[in-house]
Amino acid sequence: MPIATPTHTLIYQADKQQFLNDSDRYIEDLLEARYQSIVGKRVTDREKQSWKNSLQEMARVLKDDRIPNNTGIGIELFAPQSMSRIDFTLSGFDKHGQKTVIIIELKQWSAITLTDKDAVVRTLLGGGLNETLHPSYQAWSYATLFEGFNEAVASGEIRVIPCAFLHNYPESDNTILDARFKEYLDQAPLFRKGLAEREKFQDFLSQHIYQGDSQAVLQQLICSRIGASKALADALAKLMKGNREFALINDQKLVFENIREIACAAAPGKHKVVIVEGGPGTGKTLVAINLLVKLLQTGLAIKYVSKNAAPRHVYKAKLTGSVKQARFNSLFAGTDNFHEMEPNTFDLLLVDEAHRLTEKSGMFNNKGENQMKELINASKCTVFFIDEDQCVTFRDIGSKEQIRQWAIAKGAEVHEFELTSQFRCSGSDGYMAWLDHVLDIRETANTRLDNKNYTFKVFDTPEEMHAAVAQRNSNNRARVVAGYCWPWNSKTDTSQMDIVIGKNYQRQWNLASNSMVWIIAPDSIEQVGCIHTCQGLEVDYIGVIIGSDLIIRDGKVITDATQRSSMDQTIRGYKTQMKSQPQETAAKADRIIKNTYRTLMSRGLKGCFLYCTDKETAAYFRSKLQ
C-alpha cells in the first residue's frame, strides 16, 4: 500500500520508546540535522539549547507506564496555513477508540508579568522583557488551525487536544493562571514545574492516550488534505450573509466575478496574477473580503494578506463580531513570512494594500528577496489590490510595474482591472480630484471644492475640531487622526500626553492596548489615530490635524520631513539618504508626506474636518472652498 505524501512538515517522528532512546543520545543534534535537511535553514544555538532542555523534561514526563510505548511522537510540526511550529505532539487512541492527537506548547519561562491586552503577557525573550502570547492561547489557537484547515480533524475523525507545559515555572506562582486567562486555560490546560504538577500532566496525557498507534494517527494527521473546513467556510459565510456592509455594487461585482473565474482556473503551471487598481473608497477591500468568504466554500486554500495589520484585525472583527474569534485568525496574514513558503502552498492569496509591500521582510528587514515575488511564488493565483498614491513610507515599493515583472518571470498570466466608482466621500470623485490638486499631488480641474454633498470645514483650534468630530460619533463612526509630528510618549508611560497643541489641547495617540482595532474600539474618539491604524479603513467623519511637516507658503505646498517625530518609522533613513542622494530622497519624502495626508483626509464617508497647526496653511484650505 503506497504511503500518503505529507501535507504538513514534521521535523521529527517516532514512537515513545524511540524518542526516549534518542533523548539519551543528544536529540538536539538529531533535530538540528533534520531541520536543516527538511527546511534548508540553520538552527540558532539558543533554539538548539531550548530543544535540549525542554525535550529532556518531556522524556521525564513520558517515563510513565500508563503512556504506551508505541504512542506516536512528533516534534516541530508545522501548523496548517501557517509557519508556526508546534513543539511536541502525542498520538494514539483514547478509551473509546477515538483517534487523538495532543499538541503541547513547551516553554522555559520561569516568570511573567501581566498586561491589559487579551492573552498577552511579558516575559524574558531574546535577552529582554518582551510581550508574547500566553502559552494556553498559543496551544489552543494551533488546535483551531487543525479544526479549520485539516480535513481529518475537521471531519471529526481525529480529535486534537491542546495543552501547555512550562517546566521551569514554579507551581507556587499563580500569575500564569490569572483569571483573565480562564477562557484559554479551560481549552488548553497548563502544567508547571514540580512533582505534583508533573503527575497532573501525566494523568492528563494518559487520560487521552490510552492505546498507542505506532504513529498511524500522527501519519494520517500530517498527510490529511489542507483546506478550509466546510464548517469554517459555512460559519464565515453565515456571518456575512445579510450584512449590507459587505454588499458588492456596480464595478465591484463585475471585478469580483472575473477574479472568481480566474482563481478557479489557476493551477500549477497555469499561474495567474491579478492587479486590481482603485483609489480610496472604490471598494478594493470589499472585493477581497467577498472573495475570501465565498471562495472558501469551494475548498480553496486562501488567505487575506496585508502589510498593515489594522485592516486584517478590523475586517476579521467586522465579519465575526469579535476580535477574539481565533479560529478565523489563520485566514488573515501579514506579508513577512511568505519567503519561507513552498511554491503553490495556496490556491489564492488576496493581497490588500499592495502598495505597502516592501523588498525585504522581517523585523530587521533582512529576510527574503522581494515580497511581490514571494507572494506570487506561494500561490497558484495571487490578486494584488493597489493604489500607488497611498505609498506612505520609504520602504513601500509596491507598484503595478514590479508586479507585472515578477509575474512574467514566474510565467504567470496577468489580468488587470480597475475600480472607479467612488463610494467614500459621499461618492464624490470631485473631492478626491480636489485633494490631489490642493496637495499638489497632480494638477486637476477641481481647483475649488463644492462641499454641498460632502462636509468639509477648517477649524481655528484643535479643541473645536475634535469636539465637532466627537458630536458626530453617536454610532462610533467618527475619529480624529494626525500626521506623525508628535512623539508617542504614552506608549511607555500611559500618564503622558502625546499631541500637545497650545495650552488646551492634549491627547494621546491611538490606544496602545488595542491599536490594531483602534478605528472601531469604543473609546477611540478620545485618542488621535495615525496612518497605520486607519489606512485601508473608513469612518463617517474624519478629523485631520496637519502638522508642521506640510505647510503652504504663497500658495505653494512645502513639505519638511525633519518636522516628523524621530519615532516615525515611515521616513527611516531619511537623513542618511539625503547625504548620498539629496534630490531623489527629498522627492521621495515629499511624495510620502503628501500621500499620507491624502490618505488621512479621504477616510471619511460623509465629511472631513481639518485643523492646521500653521495659520497660513489653514487659510489656504479655506480659500479653496467655493
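The values are calculated or read from the model by the stated rules, or taken from the named source; none is laboratory data. Computed from a predicted structure; not experimentally measured. Reconstructed Cβ throughout: ideal geometry from the backbone, glycine too, with neighbour counts over all protein chains shown.
So here's what we get for this one:
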item: Extreme residue, modelled with the highest pLDDT, among residues of the stretch 218-256 that are touching a strand residue (DSSP E or B) at 6+ places or on another chain (Cβ under 6 Å) and under 22 Å from VAL274 (Cα atoms); result: VAL255
item: Selection count where residues are of a type outside the set (Ser, Thr, Tyr) and either surrounded by fewer than 21 Cβ atoms within 10 Å (Cβ to Cβ) or in a helix (DSSP H, G or I) (or both), scope the stretch 356-388; result: 20
item: Selection within the stretch 287-301 - at pLDDT 90 or above and either assigned to a strand (DSSP E or B) or among the hydrophobic types (A, V, I, L, M, F, W, C) (or both); result: VAL287, ALA288, ILE289, LEU291, LEU292, VAL293, LEU295
item: Only listed residue being assigned by the TED database to the domain that holds LEU239, surrounded by 18 or more Cβ atoms within 10 Å (Cβ to Cβ) and among the acidic types (Asp, Glu), chosen from GLU353, GLU340; result: GLU353
item: Filtered residues of the stretch 364-394 (kept if among the hydrophobic types (A, V, I, L, M, F, W, C), at pLDDT 95 or above and either under 19 Å from the mean Cα position of the chain (by Cα) or closer than 13 Å to ALA354 by Cβ (or both)); result: MET372, LEU375, ILE376, VAL383, PHE384, PHE385, ILE386
item: Pairs, first under 21 Å from ALA59 (Cα atoms) in the stretch 27-49, second assigned to a helix (DSSP H, G or I) and aromatic (Phe, Trp, Tyr), C-beta under 6 Å, six or more apart; result: GLU28/TRP51; LEU31/TRP51
item: Only listed residue being without any contact (Cβ under 8 Å) to a residue 60 or more places away in the chain and under 24 Å from LYS270 (Cβ atoms), chosen from ASN344, ASN370; result: ASN370
item: Checking TYR304 against (1) under 20 Å from VAL383 (Cβ atoms); (2) at pLDDT below 85; (3) buried (at least 18 other Cβ atoms within 10 Å of the Cβ), the condition it does not meet; result: (2)
item: Residue count for the stretch 246-262, restricted to those that are in contact with a helix residue (DSSP H, G or I) (Cβ under 7 Å, 6 or more places away or on another chain) and assigned to a helix (DSSP H, G or I); result: 6
item: Leading residue by the ranking (modelled with the highest pLDDT) among those in the stretch 405-422 that are in contact with a Ser or Thr (Cβ under 7 Å, 6 or more places away or on another chain) and surrounded by fewer than 19 Cβ atoms within 10 Å (Cβ to Cβ); result: THR420
item: Members of the stretch 449-460 found to be out of contact with any strand residue (DSSP E or B) (no Cβ under 7 Å at 6 or more places or on another chain) and closer than 24 Å to GLU616 by Cβ, listed by number; result: ASP450, ASP460
item: Scan of the stretch 33-62 for residues that are more than 23 Å from ALA139 (Cα to Cα) and either aliphatic (A, V, I, L, M) or in contact with a helix residue (DSSP H, G or I) (Cβ under 7 Å, 6 or more places away or on another chain) (or both), ordered by number; result: ALA33, ILE38, ARG42
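Results for (1) of a type outside the set (Ser, Thr, Tyr); (2) in contact with a Gly (Cβ under 8 Å, 6 or more places away or on another chain); (3) surrounded by fewer than 24 Cβ atoms within 10 Å (Cβ to Cβ), shown as yes or no for each residue.
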position: THR123; (1), (2), (3): no, no, yes
position: ALA143; (1), (2), (3): yes, no, no
position: ALA154; (1), (2), (3): yes, yes, yes
position: PRO170; (1), (2), (3): yes, yes, yes
position: ASN174; (1), (2), (3): yes, no, yes
position: ALA179; (1), (2), (3): yes, no, yes
